[in-house]
Amino acid sequence: QVQLVEAGGGLVQAGGSLRLSCAASGRTMSIYAMGWFRQAPGKEREFVAAIDKSGGITRYADSVKGRFTITRDYAKNTVYLQMNSLKPEDTAVYYCGADKSTIMRILPNVYDYWGQGTQVTVSS
């Protein structure tokens, strides 16, 4: 089993920045990719960004390219999502997911483990 704990959400004005973190514990060696997803009220959970085991492969949703950056600290078993130039439409609960597959995947229903989520609210 793998446990994921997110932190770093909050309230920020449009144009501001936040950094989310996701600390993994347990059988972390079984994890290939880690990703960030978000879910706004009344909407389905959507892909935001993902990073592979080596940290050399990243993918982003078109809506966040150039504004968000995903990184991975292996010593701390932690993944970060740096979010800059935030917009009101970025408001959502952000979830960290871990995937045991050996290929990069972006569909939320294939991820094996999830954190509890952290709220991000961007005011206009």
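The values are calculated or read from the model by the stated rules, or taken from the named source; none is laboratory data. Everything numeric here is computed off the predicted structure, so don't read it as measured data. Neighbour counts run over all protein chains shown; Cβ positions are idealised from the backbone, glycine included. Side chains are part of the model used for accessible areas, which takes the heavy atoms of the whole protein and leaves out ligands, DNA and RNA. Shrake-Rupley method; radii C 1.70, N 1.55, O 1.52, S 1.80 Å.
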inquiry  = Consider segment 12-57. How many of its residues are at pLDDT 95 or above and acidic (Asp, Glu)?
reply    = 2
key: Failed item in (1) hydrophobic (A, V, I, L, M, F, W, C); (2) over 12 Å from the mean Cα position of the chain (by Cα); (3) part of a loop (DSSP other than H, G, I, E, B), with Val64 passing the rest   = (2)
message = If I ask for residues that are among the hydrophobic types (A, V, I, L, M, F, W, C), open to solvent by 10 Å² or more (accessible area, probe 1.4 Å) and under 15 Å from the mean Cα position of the chain (by Cα), which ones from segment 5-36 would you list?
response = Val5, Ala7, Leu18, Ala23, Ala24
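Yes or no, residue by residue, for (1) of a type in the set (Ser, Thr, Tyr); (2) not in a strand (DSSP E or B):
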site: Gln82; (1), (2): no, no
site: Tyr95; (1), (2): yes, no
site: Gln116; (1), (2): no, yes
site: Val120; (1), (2): no, no
message = List the residue pairs whose Cβ atoms are under 8 Å apart, where the first residue sits in segment 34-58 and is of a type in the set (Asp, Glu), the second is assigned to a loop (DSSP other than H, G, I, E, B) and open to solvent by 30 Å² or more (accessible area, probe 1.4 Å), and the two are 6 or more positions apart or on different chains.
response = Asp52/Tyr32; Asp52/Met104
inquiry  = Condition first: open to solvent by 60 Å² or more (accessible area, probe 1.4 Å) and either touching a Leu at 6+ places or on another chain (Cβ under 7 Å) or among the small types (Gly, Ala, Ser) (or both). Now tell me which residues in segment 64-113 satisfy that.
reply    = Gly66, Ala75, Ser85
